[in-house]
Amino acid sequence: MASVTAKVMSTVSAPYGVLLTAAQLAEKIADINSADSYDCSVFAFLSEVSPKLQQSFIDEMGVSKDAVAEVARKFSDLAGYKLPLAI
C-alpha cells in the first residue's frame, strides 16, 4: 500500500472503526449518496485529512475531482462550514 493511501486510511478508518478498502473509500468520496447518508468515513476524509493528502489520494486512486467537489459541497452545507475540496 502506498504511503498516501496508508495515511489516508489510518485517518479515516481508525477513529471510527470503519473497515473499508482504499478502493471503497475512493468510490464513496465521489458518490453524492455518501452525503445523503452522512457517511462518517467520507466526512472524515473531507474534514480530517489534510488538503494536500486529499489531492494526492484522489490522484492516486483516479477519482473524479468534480465528483468529489460536489460531495464536499454537500457535506459543507450539512456541516455549516467550508471544506477544502468544496470548490
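Every read-out reported here was derived from the displayed coordinates using simple, explicitly stated rules and does not represent laboratory data. A quick note: this is a predicted structure, and the numbers were derived from the prediction, not measured. So basically every Cβ, Gly included, is an ideal-geometry build from the backbone, and we count neighbours across all protein chains shown.
Total residues in region 63-72 satisfying the condition of being of a type outside the set (A, V, I, L, M) and in a loop (DSSP other than H, G, I, E, B): the figure is 1. Taking region 30-41 as the range and being of a type outside the set (A, V, I, L, M) and in a loop (DSSP other than H, G, I, E, B) as the test, the residues that pass are Asp31, Ser37, Tyr38, Asp39. Taking region 70-86 as the range and being surrounded by 18 or more Cβ atoms within 10 Å (Cβ to Cβ) and aliphatic (A, V, I, L, M) as the test, the residues that pass are Val71, Ala72, Leu83, Leu85, Ala86.
Checking each residue in region 28-41 for being surrounded by 15 or more Cβ atoms within 10 Å (Cβ to Cβ) and either in contact (Cβ under 8 Å) with a residue 12 or more places away in the chain or under 19 Å from Ser3 (Cα atoms) (or both) picks out Lys28, Ile29, Ala30, Asp31, Ser34, Ala35, Ser41.
Could you check region 42-62 and list, in sequence order, the residues that are assigned to a loop (DSSP other than H, G, I, E, B) and surrounded by fewer than 18 Cβ atoms within 10 Å (Cβ to Cβ)? Answer for region 42-62, where residues must be assigned to a loop (DSSP other than H, G, I, E, B) and surrounded by fewer than 18 Cβ atoms within 10 Å (Cβ to Cβ): Ser50, Gly62.
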